[in-house]
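The structure appears below as structure tokens.
The values are calculated or read from the model by the stated rules, or taken from the named source; none is laboratory data. Worth saying up front: this structure is predicted, and the values here are computed from it rather than measured. Heavy atoms of the whole protein, side chains included, go into the accessibility calculation; ligands, DNA and RNA do not. Shrake-Rupley method; radii C 1.70, N 1.55, O 1.52, S 1.80 Å.
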Amino acid sequence: MDLTEYRNRSIEQARTADLMGLIPEDYRGSALDIGARDGWFSLKLAERFDTVTALDLERPTVEHPRVTCTKGNAVALDFPDDAYDLVFCAEVLEHIPTRHLQQVCAELQRVARRYLIIGVPYRQDIRIARTRCGVCGRRNPPWGHVNRFDADRLRSLFGGCSIRRQTFVGVNRDCTNALSVWLMDRA
């Protein structure tokens, strides 16, 4: 499935609408899109904000007059405190190496002047769908997700923020147990 087909799926459209619905309707100003990749959310933010910075590990290529693309790492953002009215971070934190997660969350809070929108898979069992590298033998988590989130973990990572709204899109009941994981690892 290519990216266009994926984005046309109803669950992906609902997730996008839900995330964008968290932004106050009449709000303008500046936005930072962390993990911008191809600029999908950067372009959505540009419909509502005066300026948008699209940041990723490799400089994104987004063509829009209000979008500035930059290469950077969320572990050490090269922006002053309170630089952006809104910081948007969706489908990123689950990929951050656990040893850097606290620092990344602190950086997001540091550069956000008013709003911080976080989108993560909620209570995902990252033991399901793991694979083993045929070359090195290491186990790889599904979709590269190395972190699992629930309400308590998010609160602990973003202690400097107050939660105004929390929403959920879709339901994933996939789960496993330690014995099944052990057996699959041996297979």
If you rank 58, 94 by how much accessible surface each has, with a 1.4 Å probe, what is the order from largest down?
-> 58, 94
Under 5 Å from the placed amide H of residue 53, counting only residues 5+ away or on other chains, we find 31, 32, 33, 68
Note down the accessible area of residue 70, probe 1.4 Å, to the nearest 10 Å².
-> 40 Å²
What accessible surface, in Å², does a 1.4 Å probe find on residue 156, ignoring ligands, DNA and RNA and rounding to the nearest 10?
-> 80 Å²
Which of rounded, prolate, oblate describes the stretch 7-72, given a ≥ b ≥ c as roots of the alpha-carbon gyration tensor eigenvalues and a/c under 1.5 marking rounded, otherwise prolate only if a/b is larger than b/c?
-> oblate
For the stretch 48-98, the percent of accessible surface on carbon and sulfur atoms (probe 1.4 angstrom, ligands and nucleic acids excluded) is 49 percent
